[in-house]
Amino acid sequence: MIEEKDIAIQITGLKKRYRLGTIGGGTLAGDLQSWWARVRHKEDPNAKIGSKTYGKNETFMALDGIDLTVYKGERVGIIGHNGAGKSTLLKLLSRVTGPTEGEIKLDGRISSMLEVGTGFNGELTGRENIYLNGAILGMTKAEIDGKIDQIIEFSECAKFIDTPVKRYSSGMYVKLAFAVASHLDSEILIMDEVLAVGDMAFQKKCLEKMSQVSQDEGRTILYVSHNMNTIRQLCDRCVVMDHGKIVFNGEVEEAIGIYMKEKQVFSDFLDTSNEKRSSYLGQNLKVKVEYIKKLDVPEEQRNSALPFEIKISSTESVSNFRVRFEIGRMGRGVAISLTDRLYQIEKGSELILRLRLDISQLVPASYDTTIVLFEAAGDRSIDLDCVRSFSFIKSSEDVTMKWNEACWGNIILDDMTEI
């Protein structure tokens, strides 16, 4: 059982409200003119032509009641669309700004990278900025001296370490800033989309370093990114934010599915009988998938087998057809599996197939699935516009098909077998 002493970050009822519009016109005279115009309900003489003006009481809730607990040693990803409140949350945690309401409890020092070059003085050299950042975190000169060689080596900026950082490229900024943040003695590391500037090799190096300090040193990491691959590699939990609120807090793949609006859980029962077909494929179908139903499987088989039942109806007799199960991910093909035998169906009849799909060769993740029925001859195709696509394809050839790498990926699973 996790005790209170194991909590690194405790957020309760956190809100942040901002005033809309420009605060301050730059001069006292301009502010007085704007104020007098508002009093008389006149147009602001200092407002830009065509710009929207806001009343003095109009506000925006950047965060609207956030509750979040992060435990020591956790690596938590925070994702969401632009404007969801991710950066505002990290700024409050880093004490860049204060909350309007709510409470934040932190156990440990925080090291933050909220944007490229945060906390750096452009006139100082890279070496001087290392000492400056360390001092801001409360470290002594002796503590920084003991780590400075590691920091410089990791940053890959040794050649330029005594050059003013105002001459650094954005990539060099990120490398030095991350090296400082990850090596100094802070218990909580906060990263906001900063690795997007670095090259791929350095991104990989940073992710490995963050994993290492989390596992070996028990440091807590909050990581904001729009790069789902880095979220997958680093995080063991993920939070999805939307319009200042947390809409999901849990497993990484499920969070990514919600964020990408591509969450397609294989439901226990999916009725497709009334689904609208794609108009370009026509409406007069020889066969139609009525439903697909997931079957129960013993606990010990859940990582290797996906059993399901399909009900097919027909308006015409069809012989020699198979079922093809296509598996995709993020819009790209991953693998396919075919039934190990041919089927036939009589006109006006129904056919129920109970199949088992071998998924033992797939890594744990969320997948998109499409079931296709295809026969040996013909050229007519139909599709169902639903959560999963079901297609009936007639081929002029036998069941042998030209491999479609773009759609089916590079893996062919074993044939499905009938239960």
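When the helices (runs of 4 or more DSSP H) confined to region 124-202 are screened for residues that are within 34 Å of the chain's Cα centre (by Cα) and modelled with pLDDT of 85 or more, those reaching at least 3 such residues are found at 126-136, 148-155. With respect to Asn249, is the statement that it is polar (S, T, N, Q) and in a strand (DSSP E or B) true? Spelling it out, Asn249 is indeed polar (S, T, N, Q) and in a strand (DSSP E or B). Restricting the search to strands (runs of 3 or more DSSP E) fully inside region 1-81 and requiring at least 2 residues that are over 22 Å from Glu251 (Cα atoms) and modelled with pLDDT of 80 or more gives 7-19, 59-71. Does Ser349 count as modelled with pLDDT of 80 or more, under 41 Å from the mean Cα position of the chain (by Cα) and open to solvent by less than 70 Å² (accessible area, probe 1.4 Å)? Criteria not met by Ser349. If the condition is being open to solvent by 60 Å² or more (accessible area, probe 1.4 Å) and part of a loop (DSSP other than H, G, I, E, B), then region 86-98 contributes Arg95, Val96. When Arg232 is tested against (1) in contact with a Lys or Arg (Cβ under 8 Å, 6 or more places away or on another chain); (2) at pLDDT 65 or above; (3) open to solvent by 30 Å² or more (accessible area, probe 1.4 Å), only condition (1) is not met. Only one of the listed residues (Gly122, Gly83, Gly134, Gly126) is out of contact with any His (no Cβ under 9 Å at 6 or more places or on another chain) and surrounded by fewer than 18 Cβ atoms within 10 Å (Cβ to Cβ). That residue is Gly122.
The values are calculated or read from the model by the stated rules, or taken from the named source; none is laboratory data. These numbers were taken from a predicted model, which means no experiment stands behind them. Because the Cβ atoms are built from the backbone with ideal geometry, glycine has one as well, and the counts that use them run over all protein chains shown. The area values use the complete protein model at the heavy-atom level, side chains included, leaving out ligands, DNA and RNA. Shrake-Rupley method; radii C 1.70, N 1.55, O 1.52, S 1.80 Å.
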